[in-house]
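Notes for the one structure printed next.
The values are calculated or read from the model by the stated rules, or taken from the named source; none is laboratory data. Quick caveat, the model's predicted, so the values are computed rather than measured. Here the Cβ positions follow ideal geometry from the backbone for every residue, glycine too, while neighbour counts run over all protein chains shown. Side chains included, ligands, DNA and RNA excluded: accessible areas come from the protein's heavy atoms. Shrake-Rupley method; radii C 1.70, N 1.55, O 1.52, S 1.80 Å.
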Amino acid sequence: MNNLMKKTILEAKNLILSRAPYYKKYPPKLKIESIDKRAMISERFKFAYYRIPKAANSTVIATLHCCEYGEVADSLKMKELKTHTYIKPSQLNRKKADVLLDDYFKFTVVRNPYARFLSAYLNKIAKGKPGKKALVADYLNRSVDDPINVDEFLDYLE
């Protein structure tokens, strides 16, 4: 699938999702598709959890699942839990969207940005994995084998 087709599909998906009652009433400033796939709503325990990448998602999801269903989720079940077990905002009708915003406990988990930065540097750069280091090396006009210091990595991220 070429880039134009991918972009068109994403735009169509965002347009369709924008018509859901939740997003009509509370239009987001980010891509709806991205928000919708990271949201997890439990009608049973009346909570809405928004997953932020690289911020203990697997642990939080496994814990929520264990509390709600009484079973430990193994690593194979984690993807299913994120995508099929919980309701997404786009699936809510107008009444349920209002109830969610008024009565549900809403939360997310964040990570210290300095710890996240250090983790990314150590994982992608310091350990020297060529596949992960390639984008940074390319940006810096370097070989993947050349060392990249913390300052250069920060330049890349900015």
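In a GNM of the chain with a 10 Å cut-off on Cα contacts, which of A97, A56, A12 has the highest mean-square fluctuation? In the Gaussian network model the winner is A12.
Computed about its Cα centre, the charge dipole of the stretch 111-154 is approximately 320 debye, with only Lys, Arg, Asp and Glu carrying charge at their Cβ. Computed in the context of the full set of protein chains, the accessible area of the chain at 1.4 Å probe radius has 57% of its extent on carbon or sulfur. Look at the Cα gyration tensor of the stretch 115-158: its axes a ≥ b ≥ c give a/c of at least 1.5 with a/b at or below b/c, and that counts as oblate. Mean-square fluctuations from a GNM of the chain, with a 10 angstrom spring cutoff on Cα atoms, peak among L135, L101, L64 at L135.
In straight-distance terms, cross-link reach from K133 covers every one of the lysines whose alpha-carbon lies under 22 Å from its own, apart from those fewer than eight places away in the same chain; here that gives K54, K124.
Taking the Cα centre of the chain as reference, the dipole from Cβ charges on Lys and Arg (+1) and Asp and Glu (-1) amounts to some 580 debye. In the elastic network of the chain, a GNM with C-alpha springs shorter than 10 Å, the most mobile of D98, D36, D146 is D146.
Pairs of C-alpha atoms in the stretch 8-66 farther apart than 17 Å represent 48 percent of all such pairs. A convex hull fitted around the alpha carbon atoms of the stretch 84-151 yields 168 Å³ per residue. Per residue, the accessible area of the stretch 1-153 comes to 68 Å², computed with a 1.4 Å probe over protein heavy atoms only.
Here the chain is treated as an ellipsoid with the same Cα gyration tensor; its semi-axes, largest first and in whole Å, are 35, 22, 15. DSSP beta bridges in the chain, what fraction antiparallel, as a percent rounded to 5? Of all bridge pairs located within the chain, approximately 55 percent are antiparallel.
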